[in-house]
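Enquirer: What follows is a single structure, and I will ask about it in a moment.
The values are calculated or read from the model by the stated rules, or taken from the named source; none is laboratory data. It should be emphasised that the depicted structure is a prediction, and the values quoted were computed from it without experimental measurement. Here the Cβ is made from the backbone with ideal geometry for all residues, glycine too, and neighbour counts use every protein chain on show.
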Amino acid sequence: MNQQKPHAGNAWPTLRVADWTDTRDTLHMWMQIIGKVRLAHAPLVNHWWQVTLYVTPRGLSTSAVPYGTGIFDIEFDFFEHRLNIRTSDGGTRCVDLEAKPVSRFYEETMRALHSLGVPARIQARPNEVEPAIPFAEDDHHAAYDPRAAHLFWRQLVQAERVMTDFRSHFVGKVSPVHFFWGAMDLACTRFSGRSAPPHPGGAPNCGDWVMVEGYSRELSSCGFWPGGGEEGAFYAYAYPEPDGFADHPVTPDEAFYSTENGQYLLPYEAVRTAADPDQMLNGFLQTTYEAAAIHGDWDRAALEDNPRRWDGQR
């Protein structure tokens with residue numbers, strides 16, 4: 001049994017993007033397969049919230065997905081390095097997470113689902129990437145470094161923990177802290193309550209209508225993705241972006257507005273090496289949200305509250 005300890009040493013782990021790019025790209029394709037299985041079964045929830053994955057104490061999970069009169073879930077376990085599939089009638093199957101081409105992972109996963117009686121018809125090619133190699137034909141992505149996958153999960157654990165605290169200060173419509181497998185990022189999105197203009201789309205190998213649904217309401221979004229810096233980056237953006245957003249003063253000093261990406265970026269390594277990583281990241285999340293809310297004229301008095309407002313009654 002793998003005895004890795006998730007919080008040995010520094011809770012914010014070091015993981016250079018250049019050191020695990022091949023594993024990241026393979027894992028991205030595997031996550032798209034599992035996300036598409038959830039998409040095939042779960043009813044639409046605004047902004048595609050029904051398709052996401054969630055950080056767990058062992059990895060990333062679909063959470064419960066309906067099928068027939070039962071439910072199932074699928075979890076990437078980054079301790080044992082297995083894909084675990086469970087159904088509400090007691091069935092279980094495992095697929096090993098190891099160096100193997102996407103085509104083999106796809107075949108093994110579909111076979112495991114079929115053996116459990118779970119229909120698994122999906123659009124069998126990736127979205128939001130270029131080129132979009134059909135899963136059954138993808139023998140190019142075949143790397144898997146278990147240590148890197150585990151470290152990436154630990155990055156997600158830290159990001160999810162701080163973002164969940166940040167989320168708790170908002171009482172308006174706000175998404176869960178969840179993992180989008182299309183772009184491979186952990187995200188949390190707040191909404192002003194107003195409609196937004198139709199999104200122009202433009203994501204590779206992804207219908208514009210997908211983005212129209214995702215951005216149908218005025219929003220401020222933040223998250224973490226394994227790119228944009230030596231060790232990944234935290235990001236924040238607004239849609240539609242109000243005048244003055246890009247020039248709003250934000251913290252920390254290491255944060256900057258990327259015209260190329262249309263969003264604020266904060267290198268993960270700046271947070272990891274800070275004297276107080278939680279405080280630095282919270283400052284970034286709060287000030288970039290304020291850039292959207294202030295310049296977008298959000299009704300902040302109605303949308304924000306203190307999550308500890310009932311502490312004295314407990």
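Enquirer: Evaluate the following for residue 167: is it surrounded by fewer than 18 Cβ atoms within 10 Å (Cβ to Cβ) and either charged (D, E, K, R) or in the same structural domain as residue 97 (by TED's automatic domain parsing) (or both)?
Expert: Values: surrounded by fewer than 18 Cβ atoms within 10 Å (Cβ to Cβ): no; either charged (D, E, K, R) or in the same structural domain as residue 97 (by TED's automatic domain parsing) (or both): yes.
Spelling it out, it is not the case that residue 167 is surrounded by fewer than 18 Cβ atoms within 10 Å (Cβ to Cβ) and either charged (D, E, K, R) or in the same structural domain as residue 97 (by TED's automatic domain parsing) (or both).
Enquirer: Same structure again: Could you tell me whether residue 246 is in a helix (DSSP H, G or I), in the same structural domain as residue 168 (by TED's automatic domain parsing), in contact with a His (Cβ under 6 Å, 6 or more places away or on another chain) and at pLDDT 95 or above? Outline the logic, then answer.
Expert: Values: in a helix (DSSP H, G or I): yes; in the same structural domain as residue 168 (by TED's automatic domain parsing): yes; in contact with a His (Cβ under 6 Å, 6 or more places away or on another chain): no; at pLDDT 95 or above: yes.
Judged against the criteria, residue 246 is not a match.
Enquirer: To continue, here is another question. It is to be established whether one or more residues within the stretch 168-177 are at negative phi, more than 17 Å from the chain's Cα centre (by Cα), part of a strand (DSSP E or B) and hydroxyl-bearing (Ser, Thr, Tyr).
Expert: Taking the stretch 168-177 as the starting set, the residues that turn out to be at negative phi are 168-177.
The next check asks that each one be more than 17 Å from the chain's Cα centre (by Cα); those that pass are 168-173.
Now restrict to residues that are part of a strand (DSSP E or B): 170.
This time we only want the ones that are hydroxyl-bearing (Ser, Thr, Tyr), so: none.
No.
Enquirer: Also, I was wondering about something else. Do any residues in the stretch 262-278 that are free of Cβ contacts under 8 Å to residues at least 24 places away in the same chain have Cβ atoms under 6 Å from those of residues that are among the aliphatic types (A, V, I, L, M) and surrounded by 18 or more Cβ atoms within 10 Å (Cβ to Cβ), where the two are at least six apart or on different chains, and which pairs are they?
Expert: 274/280
Enquirer: In the stretch 125-134, what residues are under 23 Å from residue 16 (Cα atoms) and surrounded by 19 or more Cβ atoms within 10 Å (Cβ to Cβ)?
Expert: Hit for the stretch 125-134 is 129, nothing else.
Enquirer: Same structure again: Looking only at the stretch 297-314, filter to residues that are part of a loop (DSSP other than H, G, I, E, B) and touching a Gly at 6+ places or on another chain (Cβ under 9 Å); which one of those is farthest from residue 228 (Cα to Cα)? Walk me through it before giving the result.
Expert: As a first pass, look at the stretch 297-314 and keep what is part of a loop (DSSP other than H, G, I, E, B): 297-299, 305-310, 314.
From what is left, the residues that are touching a Gly at 6+ places or on another chain (Cβ under 9 Å) are 298-299.
Working: 298: 29, 299: 32 Å.
Out of the qualifying residues, it is 299.
Yes/no per residue for (1) assigned to a loop (DSSP other than H, G, I, E, B); (2) surrounded by fewer than 17 Cβ atoms within 10 Å (Cβ to Cβ); (3) free of Cβ contacts under 8 Å to residues at least 24 places away in the same chain:
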{"site": "106", "(1), (2), (3)": "no, no, no"}
{"site": "123", "(1), (2), (3)": "yes, yes, no"}
{"site": "136", "(1), (2), (3)": "no, yes, no"}
{"site": "149", "(1), (2), (3)": "no, no, no"}
{"site": "160", "(1), (2), (3)": "no, no, no"}
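Enquirer: Condition first: farther than 19 Å from residue 223 by Cα, assigned to a helix (DSSP H, G or I) and not hydrophobic (A, V, I, L, M, F, W, C). Can you find one or more residues in the stretch 268-288 that meet it? Before the answer, list the steps.
Expert: If we filter the stretch 268-288 for residues that are farther than 19 Å from residue 223 by Cα, which is where we start, we get 275.
Checking which are assigned to a helix (DSSP H, G or I) leaves us with none.
Scanning the stretch 268-288, I find no residue that is farther than 19 Å from residue 223 by Cα, assigned to a helix (DSSP H, G or I) and not hydrophobic (A, V, I, L, M, F, W, C), so the answer is no.
Matching residues to (1) in a loop (DSSP other than H, G, I, E, B); (2) small (Gly, Ala, Ser); (3) outside the structural domain of residue 167 (by TED's automatic domain parsing):
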{"site": "203", "(1), (2), (3)": "yes, yes, no"}
{"site": "206", "(1), (2), (3)": "yes, no, no"}
{"site": "209", "(1), (2), (3)": "no, no, no"}
{"site": "212", "(1), (2), (3)": "no, no, no"}
{"site": "219", "(1), (2), (3)": "no, no, no"}
{"site": "224", "(1), (2), (3)": "no, no, no"}
{"site": "228", "(1), (2), (3)": "yes, yes, no"}
{"site": "236", "(1), (2), (3)": "no, yes, no"}
{"site": "242", "(1), (2), (3)": "yes, no, no"}
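Enquirer: Tell me which residues, restricted to the stretch 251-267, are under 19 Å from residue 187 (Cβ atoms), assigned to a loop (DSSP other than H, G, I, E, B) and at pLDDT 95 or above. Please lay out each step first, then the result.
Expert: Of all residues in the stretch 251-267, those under 19 Å from residue 187 (Cβ atoms) come to 255, 257-258, 261-267.
Pick out the ones that are also assigned to a loop (DSSP other than H, G, I, E, B) and you get 255, 261-262.
The answer is 255, 262.
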